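The values are calculated or read from the model by the stated rules, or taken from the named source; none is laboratory data. The structure displayed is predicted, hence computed values, not measured ones. With ideal geometry, Cβ positions are generated from the backbone for all residues, glycine too; neighbour counts draw on all protein chains shown. Keep in mind that these areas ignore ligands, DNA and RNA; they rest on the heavy atoms of the full protein, side chains included. Shrake-Rupley method; radii C 1.70, N 1.55, O 1.52, S 1.80 Å.
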Amino acid sequence: MQLAYPKILWLFLVYVPLIAWYIMKQRNSYPAMMISSTEPFAKMPRSFRATCRHILFALQLLALGCIIVALARPQTHDEWRTSSVDGTDIVIAMDISGSMLAHDYYKGKPEKKNRLESAKEVATRFISNRENDNIGLVIFSGEALTGVPMTLDKATLTNYLTTVRDGMLADGTAIGDGLATAINRIISGKAKSKSIILLTDGSNNAGMVAPLTAAEIAKERGIKVYTIGIGSNGKADYPQIDYFGRVTYVPTDVVIDEETLKQIATLTEGKYFRATDEKVLNNIFDEIDKLETTHFDVNDYSRTEDNFELLVWIALGLILLQAILRHTYLRSIP
């Protein structure tokens with residue numbers, strides 16, 4: 001157990017003036033009567049109820065102490081734990097090139113969502129459903145970058161996905177580099193089943209590694225590659241800025257190298273999908289969600305958890321008990 005704000009405990013110094021005030025108050029709080037002599041009452045014992053009146057002040061101090069400790073935020077210690085789970089290793093390689101800004105998923109309503117946003121939303125739901133899988137994220141356009149290494153922390157993955165946007169990397173479509181980077185990330189995984197999900201809406205026109213060369217490496221490593229061609233057939237509305245600085249959408253031919261994507265999937269014993277709209281994309285991820293799993297041990301790092309709720313409830317209970325006693329058994333008159 002540790003405290004997030006240990007300096008809050010200095011508030012216990014308020015006990016000193018409170019106790020001093022209480023003692024001074026009690027000296028002048030005894031009941032008195034105007035009589036000729038108090039000698040007959042000198043040896044009278046103090047009643048049990050009169051002695052118990054100090055309990056009220058003690059309850060107030062205890063309630064205040066609980067509140068002070070709660071403000072210091074007691075927390076459980078973080079720790080590493082080893083657990084056995086059934087899961088698989090997955091790396092999502094996502095194309096973030098300029099062509100992913102096309103709005104063919106919502107024809108006639110280009111203001112709603114583009115291909116990249118649709119892919120991010122579906123990938124986020126997919127990640128949330130893979131509870132025990134080691135998942136990594138690679139983004140690519142004219143170059144490739146590891147966004148998140150292999151991890152079981154789904155919150156990190158989904159948070160990073162929200163930050164992914166067009167323009168983070170040099171423009172272009174380096175499918176081979178994206179696949180090669182994903183392979184480098186996934187080979188460190190412990191599961192026997194390893195899969196790469198490659199999402200792109202174009203054809204390879206940049207990078208240092210040819211797509212089929214990367215696919216050969218994946219085959220040698222026993223890695224399955226599921227390729228997804230994103231975008232409708234024919235034309236798609238791409239955003240362009242006119243002379244007045246306004247964003248307009250111009251119909252442009254869709255060019256997806258389906259043949260290469262099919263070859264990559266076939267070579268690695270994966271599967272090729274064509275996602276012509278968001279519904280189909282969802283169905284594709286549902287099918288991939290049925291990937292085989294492997295039993296393996298993982299090291300899990302527990303998060304810090306606050307444990308102040310019980311102290312707050314105890315403080316409320318003490319305050320309530322003090323109020324009940326003050327107006328019933330320990331009631332003073334007047």
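A few comments on the model shown:
- Most positive-pole-ward Cα, T200, V247, Y226, against dipole of the range 200-257 from beta carbon charges: Y226
- Accessible area of T181 in the full protein assembly, 1.4 Å probe (Å², nearest 10): 30
- Modelled spin labels at E121 and F244, positioned 7 Å past Cα toward Cβ, are 3.0 nm from each other.
- Label-point separation in nm, D306 to I55, each point 7 Å along Cα→Cβ: 3.3
- Amide proton proximity set for G142, modelled H, under 5 Å, gap of 5+: A170, D171, G172, A174
- In Å², nearest 10: area of F285 left accessible to a 1.4 Å probe: 10
- Inter-label distance, nm, simple model (7 Å from Cα along the C-beta direction), D166/K7: 4.8
- Across M208, M100, M168, the residue with the most accessible area heads the list, and the full order at a 1.4 Å probe is M208, M168, M100.
- Percent of alpha-carbon pairs separated by more than 16 Å within the range 110-226: 61
- Among 148-159, 254-265, 113-124, sorting by the average number of other beta carbon atoms lying within 10 angstrom of each residue, highest first, gives 113-124, 254-265, 148-159.
- For the range 175-277, the extents of the C-alpha atoms along the principal axes are 54, 23, 22 Å, listed from largest to smallest.
- I8 accessible area, 1.4 Å probe, all protein chains in place, Å² to nearest 10: 50
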